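Presented below is the structure to which this report refers.
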Amino acid sequence: MAVPDAILDKIPHLPESPGVYLWKDADGTVLYVGKAKRLRSRVRNYVATDHAESVKTQALMQQARVLDSIVVPTEAHALILEANLIKEYKPRFNIALRDDKSYPYIKVTVQEPFPRVWVTRRLQSDGARYFGPYTDVGIMRRSLDLVKRLFTVRSCNFDMPAQMPERPCLDYHIGRCKAPCIFAQTQAEYGAMIDEVVDFLSGKPEEVVRKVKERMALAAESLDFERAAQLRDVLTHLEQMEEPTVVLEVEGGDRDVVGYARDGDDAVIALLRIRGGKLLARDHQFVENIDEETDEEILESYLAGPYRLLEERAVELLLPFEIAERQVLEESLERTKIHVPQRGGRRELVALAQQNARHLLEEARLTGEETEERAGDPVYELQRQLGLAKVPRAFVCFDISHAQGTDTVASCVWFQNGRPYRAEYRKFKVKSVEGIDDFASMREVVGRYFRRRLDEERALPDLVLIDGGKGQLSAAAEALEALGLGAMPLASLAKREEEIFLLGRSESLRLPRRSPALRMLQQARDEAHRFAITFQRKRRTVRTITSELLRIPGVGDNRRRALLHTFGSVQAIREATPEQIAAVPGFSLKSAQRILDALRASDALAPGIPATTTDTIT
């Protein structure tokens, strides 16, 4: 079974994340649509065997000439997108999936005065909240069971308050309902409870857990141990919830969603087409030779050109960032209105489009090359936050370490595509600086590092990160400028407030604490600190041991080496007997006793402080 080289080159660089893959023939006709929890592993199975057991798969792979893929946040999203694409393209090899099977949702009728909660397989634009889809019905049933245990949601079908029964049902008498139907529970109280139900089903159980704990404590205090035990079991189930749900507010409507990713003078624009509330397709446009253009200008050119010429456009267009010619473009697009969402479900759609744009850009860069890994989302976020023209796939971080101005060393750690690359770690002994001078030390080390890389014609990083503030940043900038590398992107990360300083910017940049880009920078900074302080402690330990032994009369270099080779450390020598030391070649019982007396005398000068004690290291 001959698989085209273009497909074989693409498969190793697919992400190991949820998504949908499409096999197409030479004319671009979709032959098969499939979903995957891990795209790369799933697609690789198609070319790894000859599929002798499946005539259909053999026929599919004989006709397949193009592989396309769409990444999505979760497996549940992949399931929905797969079903939508099958209905849209009706691929001939998806016969087994051509049914109207739907997956269950939990529906909360928040549009009603007294909302109800039940399971449904139909999504309607009725103002209700839908939670799902649940690919595992067992998880859905456990979620619904927890709702019934925790909350007294009514199970009747009365159209309240228009229809009200004369007396409460059995649920009231067994404690499953507080009978809002006879006004034993007010509408406000019932609505507050429904808000808790929505929080729980939205995958935010923290507040619900807190309230359950409070109720369990009150039940125990009032000696209602049966109720306390029930709440304890509920709490256990809450803490074991396996899968957060996907919240859908069914609105219908048509949208076009634009994602944008750039790396130097290459960029890609991804367009998600949503019709009737369903994601039906993804189009894309590669852009090249854009070295002198801004991101806004590139996006405006796409909207005024290829997008405006589309035969079908949605009434709503979502963009990832604001553009200067928005009003003019809206007029040229006629019925299409442009929005730049900042939060909520629409912003999540833009994030999905952005993820697909990055996926396409990485795929184009990696295919046919020997690069082993794709850049992750935090790397692209760092590019956006720092305003870099090029994606910082490779960046280095420098740190200085010393002990009260002595044994000053430095470290340089290399991160490739957001992960440590230890083969490129480097450590330095600072040579030209006496005492405490972090700025001069940083200037020396950065200069030495990049001078050597230039001399050896080795690859340079896309970003230089410095552990410190404005002073260390300026010192590193001076070193780079002296080597003709003044244009290299440079930033520093100050530990106290986690501020990022950039050259030419007076105010610091503060990223959200949960920002993946900030966490990546913190990881690099901490790794550089660990590497530097380990090297510094090792140097100081060697110096301390050496100087302590050499201070003893009659112990020279040869005898010192013999003692350390035999005992391993000064502490072990201190704890040895004269006979054990005298057994070492070159020592007598008299010289052994003299060594022990000298070591004990040093202990008497600093009682309780081991010889290997380290000072505070900065």
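Observations
- Those residues of the stretch 11-45 which are farther than 18 Å from L79 by Cα and either part of a loop (DSSP other than H, G, I, E, B) or touching a Gly at 6+ places or on another chain (Cβ under 9 Å) (or both), in sequence order: L14, D25, A26, D27, G28, T29
- For the stretch 414-429, a residue qualifies if it is in a strand (DSSP E or B) and either under 20 Å from the mean Cα position of the chain (by Cα) or modelled with pLDDT under 85 (or both), and the qualifying residues are W414, F415, Q416, R419, P420.
- Filter result for D437 (surrounded by fewer than 19 Cβ atoms within 10 Å (Cβ to Cβ), among the acidic types (D, E) and either more than 13 Å from F398 (Cβ to Cβ) or at pLDDT below 90 (or both)): yes
- Residue in the stretch 137-152 that is modelled with pLDDT of 80 or more and part of a loop (DSSP other than H, G, I, E, B) present: yes
- Residue identified as assigned to a helix (DSSP H, G or I) and among the polar types (S, T, N, Q) among S432, S411, S441: S441
- Residue ranges of helices (runs of 4 or more DSSP H) in the stretch 259-366 with at least 3 members within 29 Å of N84 (Cα to Cα): 344-366
- The residue of the stretch 180-196 that is nearest to R167 (Cα to Cα), among those that are among the hydrophobic types (A, V, I, L, M, F, W, C) and either without any contact (Cβ under 8 Å) to a residue 12 or more places away in the chain or loosely packed, with under 12 Cβ neighbours inside 10 Å (or both), is F183.
- Residue check for S441: in contact (Cβ under 8 Å) with a residue 24 or more places away in the chain, within 28 Å of P516 (Cβ to Cβ) and of a type in the set (S, T, N, Q): no
- Only one of the numbered conditions (1) at positive phi; (2) modelled with pLDDT of 85 or more is not met by A267, and that is (1).
- Extreme residue, farthest from G447 (Cα to Cα), among residues of the stretch 477-498 that are at pLDDT 90 or above and under 27 Å from the mean Cα position of the chain (by Cα): L493
- Where a residue in the stretch 376-397 is hydrophobic (A, V, I, L, M, F, W, C) and its partner, wherever it lies, is part of a helix (DSSP H, G or I), with Cβ under 7 Å and at least six apart: L382/A517; L382/M520; V391/V379; V391/Y380; V391/Q383; C397/A524; C397/R525; C397/A528
- Within the set V47, V66, the sole residue that is more than 28 Å from the chain's Cα centre (by Cα) and either modelled with pLDDT of 90 or more or within 20 Å of A364 (Cβ to Cβ) (or both) turns out to be V66.
- Restricting attention to the stretch 467-484, the residues that are outside any helix (DSSP H, G or I) and surrounded by fewer than 19 Cβ atoms within 10 Å (Cβ to Cβ) add up to 3.
- Helices (runs of 4 or more DSSP H) within the stretch 505-587 that include 1 or more residues at pLDDT 90 or above, within 30 Å of L382 (Cβ to Cβ) and not hydrophobic (A, V, I, L, M, F, W, C): 516-550
- Pair list, Cβ < 9 Å and 6+ apart or interchain, from the stretch 335-352 residues that are assigned by TED's automatic domain parsing to the domain that holds L318 to residues that are among the small types (G, A, S) and surrounded by 13 or more Cβ atoms within 10 Å (Cβ to Cβ): T336/A314; V350/G259; A351/G259; L352/G259
- If you check I400, I338 for being surrounded by 17 or more Cβ atoms within 10 Å (Cβ to Cβ), in contact with a Leu (Cβ under 9 Å, 6 or more places away or on another chain) and over 19 Å from M520 (Cα atoms), only one passes: I338.
- Residue in the stretch 163-172 that is assigned to a loop (DSSP other than H, G, I, E, B), crowded, with 16+ Cβ neighbours inside 10 Å and in contact with a strand residue (DSSP E or B) (Cβ under 7 Å, 6 or more places away or on another chain) present: no
- Summed over the stretch 374-433, residues that are touching a Phe, Trp or Tyr at 6+ places or on another chain (Cβ under 6 Å) and basic (K, R) total 1.
- T49, sole failed condition from (1) closer than 20 Å to L279 by Cβ; (2) β-branched (V, I, T); (3) surrounded by fewer than 16 Cβ atoms within 10 Å (Cβ to Cβ): (1)
- Any hit, the stretch 205-213, residues being part of a loop (DSSP other than H, G, I, E, B), under 25 Å from Y130 (Cβ atoms) and either more than 41 Å from the chain's Cα centre (by Cα) or not hydroxyl-bearing (S, T, Y) (or both): yes
The values are calculated or read from the model by the stated rules, or taken from the named source; none is laboratory data. On a predicted model such as this, the values are computed, not experimentally measured, just so you know. Positions of Cβ are generated from backbone atoms using ideal geometry, with glycine treated the same way; all protein chains shown enter the neighbour counts.
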